[in-house]
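Chemist: One structure follows; several queries about it will come next.
The values are calculated or read from the model by the stated rules, or taken from the named source; none is laboratory data. Predicted model only: the values in this text are computed from it and were never measured. All Cβ positions, even for glycine, are placed from backbone atoms using ideal geometry, and neighbour counts span all protein chains on display. Ligands, DNA and RNA are excluded from the accessible area calculation, which covers all protein heavy atoms including side chains. Shrake-Rupley method; radii C 1.70, N 1.55, O 1.52, S 1.80 Å.
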Amino acid sequence: MEESLRTYKVVTYGCQMNVHDSERLSGLLEDAGYTKAAQDGDPDLVVFNTCAVRENADNKLYGNLGRLAPVKQQHKGMQIAVGGCLAQKDRDTIVRKAPWVDVVFGTHNIGHLPALLERARVEQQAQVEILESLETFPSTLPTRRESAYAAWVAISVGCNNTCTFCIVPALRGKEEDRRPGDILAEVEALVAEGVVEVTLLGQNVNSYGSDLGDREAFSKLLRACGEIEGLERVRFTSPHPRDFTDDVIAAMAGTPNVMHQLHMPLQSGSDPVLKAMRRSYRQERYLDIIRKVRAAMPDAAISTDIIVGFPGETEEDFEQTLHVVREARFTNAFTFQYSKRPGTPAAEMEDQVPKAVVQARYDRLIALQEEISWEENKKQVGRKLEILVAEGEGKKDDRTDRLSGRAPDNRLVHFTRPSEPVRPGDMVTVEITYAAPHHLLAEGTPIAVRRTRAGDAWEKRQAAPAKPAGVMLGIPTVGAPAPAAAPGCGCD
């Protein structure tokens, strides 16, 4: 088979950094002559971009590899590659357990994938290459972005934190910051292509500047994004409470295109548990940040990450988490039951909480957060909001003749289809008529439609000759990159 005809599929598990890496992998493969596979049929190449944070990460990968083994036997020339955090951690184990895998590569050398695939094809044996430090900053690699109107922009890689439940720093390495000029040049280039929304991305996004010797570098970056003409929405994820300083709050409040939306991982509301997690803040410090954000931006939508059942967590500890949830009134929360990850200090701790206890606490937390989310969403009824029309957000849109998109604060809104043509990337102003815990409805006639350069870019992409577009993700995605797409790395 000719190289130019080889098809590929990228399957992604994990956090936004993995999604961003997969866009780079797709770009690399397309530069090497691959094209995206159709939904039906078997591709010539399947790339798994893996996560090592959750307990079932291994099972999910090996289950998928097992299902592909007979497919590969019947598909001459098919290749399978495994990259990402689990590949960085398990190295040769993957090939030992699944000898039909052709390439294993880590988090620091995604740019080598095309060459490793070719070497495996020529030498007829598996290629395993894991580097211990970053060779090329991922943002310098070719990219095939999922969206024509919204984009991730990595401002750093790696993490300097030492949370006892998280293995990511060991797999991604120490934090390395991009130069501000390089970041802003990428954002300006994206805007020139039609993008109207960017999400600044890092394992700990607001520690940006620690590698540059400037403690206010992140707030300066936010303000600089505000100077870019045509950039309508700026988001970032995920910050760490330790590094969330007043200058960042001021930059958010004072920069018109920085959205009043914040994803602030809590993990636990208990001071003893936070100490055991090696989180460098306590409950009062966290709530003080929330108070300051709400004082500066009363309309701010705040979401979080919470781990239930960390080793040693008592009923009193859990009650403290519920207390913070009641006080903070999160718009939504990404909640996780603690899972042991080999290689982390927490996995060796005594007093592991019984599964039944964890499940019961988890259910109580979910019930409380659902109640708060619904109450907070009801406050949006009657408001007029400008919605960035998204692609693929509303699973029932065709059946209900609605469109879907994101409000400035990132709430998901389903709205009546306007009488005039509307494209993903366009803006539609609507009045909210109903609230559910996880979405809003605007059932009346839309107030206004604003066609945008982003809609033009989407239309141009659709009209282009058949060409691969994006990656197939193993996690829920939204039209505009945002924390709603499973912050999940747990390292923030």
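Chemist: May I ask you to verify whether residue 301 is of a type in the set (Gly, Ala, Ser), touching a residue at least 60 places away in the same chain (Cβ under 8 Å), out of contact with any Lys or Arg (no Cβ under 8 Å at 6 or more places or on another chain) and surrounded by 19 or more Cβ atoms within 10 Å (Cβ to Cβ)?
Modeler: no
Chemist: For the condition in contact with a helix residue (DSSP H, G or I) (Cβ under 7 Å, 6 or more places away or on another chain), surrounded by 17 or more Cβ atoms within 10 Å (Cβ to Cβ) and among the charged types (D, E, K, R), what is the one hit in 216, 186, 193?
Modeler: 186
Chemist: Exactly one condition in (1) open to solvent by less than 20 Å² (accessible area, probe 1.4 Å); (2) part of a helix (DSSP H, G or I) is false for residue 122; which is it?
Modeler: Residue 122 satisfies all of (1) open to solvent by less than 20 Å² (accessible area, probe 1.4 Å); (2) part of a helix (DSSP H, G or I) except (1).
Chemist: Return the residue satisfying two criteria in turn: it lies in region 87-105 and is touching a residue at least 40 places away in the same chain (Cβ under 8 Å) and more than 22 Å from residue 6 (Cβ to Cβ), and of such residues it is least open to solvent (accessible area, probe 1.4 Å).
Modeler: Here the residue is 88.
Chemist: Still on this structure: Filter region 106-118 for residues that are open to solvent by 10 Å² or more (accessible area, probe 1.4 Å) and of a type in the set (Gly, Ala, Ser) and give the result.
Modeler: 111, 115
Chemist: Among the residues of region 80-97 satisfying the criterion of being small (Gly, Ala, Ser) and modelled with pLDDT under 85, which is nearest to residue 111 (Cα to Cα)?
Modeler: Going through the qualifying residues, I end up with 84.
Chemist: Which of the residues that make up region 69-85 are without any contact (Cβ under 8 Å) to a residue 40 or more places away in the chain and either assigned to a strand (DSSP E or B) or buried (at least 21 other Cβ atoms within 10 Å of the Cβ) (or both)?
Modeler: Within region 69-85, 80, 81, 82 qualify.
Chemist: If you don't mind, another one. Would you pick out the residues in region 304-341 that are hydroxyl-bearing (Ser, Thr, Tyr) and open to solvent by less than 10 Å² (accessible area, probe 1.4 Å)?
Modeler: 304, 321
Chemist: Next question. If the Cβ limit is 8 Å and pairs must be 6+ apart or interchain, which residue in region 401-430 that is in contact (Cβ under 8 Å) with a residue 24 or more places away in the chain pairs with which residue that is of a type in the set (Phe, Trp, Tyr) and part of a loop (DSSP other than H, G, I, E, B)?
Modeler: Every condition considered, the pairs that remain are 424/149; 425/149.
Chemist: While we're looking at this one, here's another question. Give the residues of region 440-458 that are without any contact (Cβ under 8 Å) to a residue 60 or more places away in the chain and either closer than 17 Å to residue 148 by Cα or not in a strand (DSSP E or B) (or both), sorted by residue number.
Modeler: Matches in region 440-458: 443, 444, 445, 446, 451.
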